[in-house]
Amino acid sequence: MGRKKKKQTKPWCWYCNREFDDEKILLQHQKAKHFKCHLCHKKLYTGPGLQIHSIQVHKENIDKVPNAIKGRENIEIEIYGMEGIPEEDLRSHEKRLAGKDKDETDNTDTMKVSTPLSLPPMPPISMMPMTFPGMPFGMTSMPLPMMPPVPMMTTVRPPIPMIPSATLLQSAPTKPLFPSGATGTSHDTNSTPNLTTMASAAAAISNLSTTTSNSLFGNKGKIEPVAGTAKIIHPDDDISLEEFRASLPKYKQIMIPQQMQMPPIPSGLSMANFMRPTMGGLPFMVQPAGFPPMGFNGQRF
Amino acid sequence: MTTLFGLSNNTTATNTLGSNQKDLEVVQPPDDAISCMKFSPIALPQTYLIASSWANDIRCWEIQSNGQTVAKAIQKHDAPILSCCWSDDGSKVFTASCDKTAKMWDLQANTFVQIAAHDQPIRTIHYIQRPSYTCVMTGSWDRTVKFWDTRQATPLKQLTLNERVYAADVCGPMAVITTADRAIQVYSLDQGPTEYKKIESLLKYQHRCVSIFTDKSKNPNGFAVGSIEGRVAIMYVDTTNPSVDNFTFKCHRSTPQPPTNTQDIFAVNDIAFHPVHGTLSTVGSDGRYSFWDKDDRTKLKTSDVINDQAITCCTFDSRGQLFAYASSYDWHKGHEGNVQTKKNAIYFRQCFEEMKPKQKK
């Protein structure tokens, strides 16, 4: 009694190697990210549970756990939070904990703002991307030395014309797809790149690997803050705004499959001037100025 | 400078602070959020704008040279329309909808017929015109990309991807598709759609938009991808030195303000390249649009927040004179951000001068 086993690891997700402070959050993560049905977005509790749901409800078999990293996709292993993780994976995870990246801190815009020549000055807030306004971790985000502008000049491509052959595709990364690629990009004209610009761009690139601190493979469910002081204003990383919106009752009820037909003419919509042109031979493009009045005096929408 | 609209010079002169007060507004905008907008191709002497919406409709306006907009026509799907495009000759408009169909609108005959079907909502639609063939490419949440003849009920070709299609672009012989797993697939179109290259994304968060850019001879040689984490990656397809040529930059993020010093990071909703200058615009959930020069790696301009709501999409007209952007809710704050009183609006402004790359000193 009293001698608790020392906790060496935070709860982590077997499917994507992500760590969590609390096992409850881990469970939420797994439900949202790995046990969510891609068809109806129902959250299940385990991999086998998801599989059974999908087979029974949607008649579709799922053989892989969604968003799992390679080798961890097995849907038949029953894992719930930290329970059920194979022993060897537990050990290898502890080993891996050694080197962890730092968080990135973001400033507003990373491209340098060019001074407008003929335009009045822009609002000051957008003018200071390099000044790290109120940025507590600002300095950690720019670890890269300035990238010399010289390599910019070396991007001229060999003038090999495109040979669209399937066998060529993978083996010839240097061949330009599009003939003009051989003429070099407009980068070549960029003989005086601004050092500040380059540095920030370089920093932006270098930071890519650190943006997602915990997810070794970039598999993320809920969006985590990229730094302590920044938050992404977007609901989920694994579903687009359009998918989310389309699943809302408002839009969903009209998605009941319908027969192929000409669109119905809803009445009572307030679109005063959107007249329905009469069918057949309306010279829409031919003489746009002369839309025959009859054409737009027909039915209203 | 004489403006395209024949309005006074101060229209453009006073416009530079990004206030949209002087930006012109398209009449009779859709009743719900605008999902996609495209100007008519250069083949047409007049300028038309099409916009698809969550109110299930696709609308077409004529943008007259005096800046007036005239509502021309409208068609409807059975569910929200997520994407739209023109045929190269400007005679047809194609729409992709949550009703799992794509339709072709013949503007002269005013017919609106189904040309494609998927098992899930169709997210992207693009017209492909090559010397040897023409077709329409649709990308769907059913994880397939299909190429349609428009006259046949079965696709010419179908590609199965690992994940749902989130964004795509087509430019000349190149197509780029990106999916929910952030995979980027480049296709070569000249010998029929052929897989050309898979490219590892520089971005670590969900991809939201992709736009192909061209070199000085107007041949496509790379693309820009925008993510929900206020960041855009500029990536060249055939670069020998990707670590130098390819880069990312941050955008659509708030400036941290005391006392919390919290920075809000917004999604990049759309990217468009200027057809003449090769510079680009981004629009975000933060309600701003920004103009950038990717070659100089500089920002040209950022607007104020427009109407206190997101900008969902943007586009340039084929002559590079006009920049149009749609102010409507993109659902980035869920239900609580859905304020019915905010209006859906499409604005456009003269952009030829402000999109010019800055001269080197």
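If every alpha-carbon in chain B counts as one equal scatterer, what log10 I(q)/I(0) does Debye give at q = 0.08 1/Å?
Values, matching the q order: -0.36.
If you put +1 on each Lys and Arg Cβ and -1 on each Asp and Glu Cβ, how big is the dipole of the stretch A:23-96 around its Cα centre, in Debye rounded to 20?
420 debye
Using a Förster distance of 22 angstrom, determine the FRET efficiency expected from the C-beta separation of B:GLN257 and B:HIS335, and round it to 0.05.
0.25
Give the residue from A:CYS37, A:LEU90, A:ILE69 lying farthest towards the positive end of the charge dipole for the stretch A:23-96; charges sit on Cβ (+1 for Lys and Arg, -1 for Asp and Glu) and the dipole is referred to the Cα centre.
Sorting the options by dipole projection puts first A:CYS37.
If the cut-off is 17 Å between C-alpha atoms, which aspartates and glutamates fall inside it for B:LYS301, apart from same-chain ones fewer than 8 positions away?
By straight Cα distance, B:LYS301 reaches A:ASP109, B:ASP23, B:ASP270, B:ASP286, B:ASP293, B:GLU353, B:GLU354.
Can you give the FRET efficiency to the nearest 0.05 for A:ILE52 and A:GLU87, using r as the Cβ-Cβ distance and R₀ = 30 Å? The partial results should precede the final answer.
Working: r = 26 Å, r/R0 = 0.87.
E between A:ILE52 and A:GLU87, to the nearest 0.05, is 0.70.
Above 18 angstrom, tally the Cα pairs of the stretch A:23-96 and express them as a % of all pairs, no decimals.
Summing the P(r) of the stretch A:23-96 above 18 Å gives 37 percent of all pairs.
What number does the stretch B:21-166 give for Rg over Rh if you use C-alpha atoms and the Kirkwood radius?
Rounded to two decimals, Rg/Rh equals 0.98.
Of B:THR134, B:THR341, how do they rank once you tally other Cβ atoms within 10 Å and put the fewest first?
Sorted ascending by nearby Cβ count, the order is B:THR341, B:THR134.
Please list the three semi-axes, largest first and in whole Å, of the ellipsoid equivalent to the stretch B:99-218, using sqrt of 5 times the eigenvalues of its alpha carbon gyration tensor.
They are 23, 18, 13 Å, listed largest first.
Between the stretch B:257-319 and the stretch A:27-93, how far is it from one alpha carbon centroid to the other, in angstrom?
Rounded to whole Å, the Cα centres lie 38 Å apart.
Going by how many other Cβ atoms sit within 10 Å of their own, how do B:SER35, A:SER54, A:SER92 line up, fewest first?
Taking fewest neighbouring Cβ atoms as first place, the list is A:SER92, A:SER54, B:SER35.
Provide A:ILE239, A:ILE232 in ascending order of the number of other Cβ atoms located within 10 Å of each residue's Cβ, fewest first.
Numbers: A:ILE239 18, A:ILE232 24.
Ranking A:ILE239, A:ILE232 by Cβ neighbours within 10 Å, fewest first, gives A:ILE239, A:ILE232.
Let's test the formula: R0 of 35 Å, r as the Cβ-Cβ distance of B:ASP88 and A:ASP63. What FRET efficiency results, to the nearest 0.05?
Once rounded, the FRET efficiency stands at 0.25.
Bear in mind these aren't lab numbers, they're just calculated from the coordinates by the rules spelled out. Because the structure is a prediction, the values reported are computed rather than measured. Cβ atoms come from the backbone with ideal geometry, glycine included; neighbour counts cover every protein chain shown.
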